[in-house]
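No value in this document is a laboratory result; all are computed from the given coordinates. What you are looking at is a predicted structure, and each value in this text was computed from that prediction instead of being measured. We place every Cβ from the backbone using ideal geometry, glycine too, and count neighbours over all the protein chains shown.
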Amino acid sequence: MGIAMEYQTLKINYQSAVQRIQFYRPEANNSINYQLTQELLSAFQAAEQDEQIKVVVLEGLPDVFCTGLDFQGVSAGNMEEIDPKVGANDYYNILKQMSQSNKVIVSLVRGKVQAGGVGFVAASDLVLADETATFVLSELLFGLLPACVLPFLIRRVGFQKAYRLALTTQSISVTDAYNWGLVDEYSTDITKVLRQHIRRLQCLPSSGVKQLKDYVNQLWIIQQETQDLAVNTISKLLADPHIQAKVRLYVEEGVFPWQTKR
């Protein structure tokens, strides 16, 4: 069984053949900072090496799954300490690892899923949600792009639906997400649904899961060029002083870019 490690942004729980990873940054709406990406990479890598683990469940808080990039960090200038390209590459590597893992990755979704949080959902093997779940790509409102999310989202829901979500920046309900294929199953008792799936999934050989993912990934090739394009695009935008100013104004004053001429 995996060795328990001390995490600051995650809560890790082992239950027989299942590792549960909970985003736990309630003070920041479960947003993604550098520490969270490092800890999540570590948690996934530890699970990968543990032969007893068959299923990894990724979950958030009751009212928020994950809200994407930590704008507080961007506003505070923390992006200067961590090269935006490094952070974007680490985030992309998490999504890639999820899609290549020999474990079954299940996202258990409640509440708000925003921006980079949608990427975690899109890269999961199975997405289970309750009726409170909503999904939105809000990046374009600030002049950003969901560059790292889109390759995995397009694979899951198709080009036009992914493009529409990015273009409109409108939130969709769990019903729409289910109809689009972003959510595989939703219920008022999602814990019961999860238990039912785990009973079957934990019987699968990890080697077979890995072979299936490798085969599927060859049918839908996300090449290194895709990662380079995504990482370079978002890191360039994050380094743009005009976009940083828009983010800072929103964080400090709650003002959206279209509400001011500054």
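Neighbour counts of other C-beta atoms within 10 Å: give me W180, W258 arranged from fewest to most.
On the way: W180 18, W258 8.
With the sparsest Cβ surroundings first, the list reads W258, W180.
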When the charge dipole of segment 10-189 is computed with +1 at the Cβ of Lys and Arg and -1 at the Cβ of Asp and Glu, the Cα pointing farthest to the positive end, of A162, V121, V136, is that of A162
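Of T9, T233, how do they rank once you tally other Cβ atoms within 10 Å and put the fewest first?
Working: T9 20, T233 17.
With the fewest neighbours first, T9, T233 line up as T233, T9.
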Calculated from backbone phi, Karplus (6.51, -1.76, 1.60) coupling profile of segment 153-161 in Hz, x at Gly/Pro
5, 4, 4, 7, 10, x, 4, 5, 5
At a 10 Å Cβ-Cβ cut-off, how would you order R155, R248, fewest neighbours first?
R248, R155
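P(r) tail for segment 113-172, what percent of Cα pairs lie past 14 Å?
Numbers: 889 of 1770 pairs.
For segment 113-172, the share of Cα pairs beyond 14 Å comes to 50 percent.
With respect to the cross-link table entries K210/K246; K112/K213; K192/K236; K103/K246; K54/K246; K11/K192, which display a Cα-Cα separation exceeding 32 Å? Numbers along the way, then the final one.
Numbers: K210/K246 42 Å; K112/K213 28 Å; K192/K236 44 Å; K103/K246 40 Å; K54/K246 43 Å; K11/K192 21 Å.
In this structure, K210/K246; K192/K236; K103/K246; K54/K246 exceed 32 Å between Cα atoms.
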Can you compute the modelled spin-label distance between Q160 and K11, with each label point 7 Å from Cα toward Cβ, in nm?
4.2
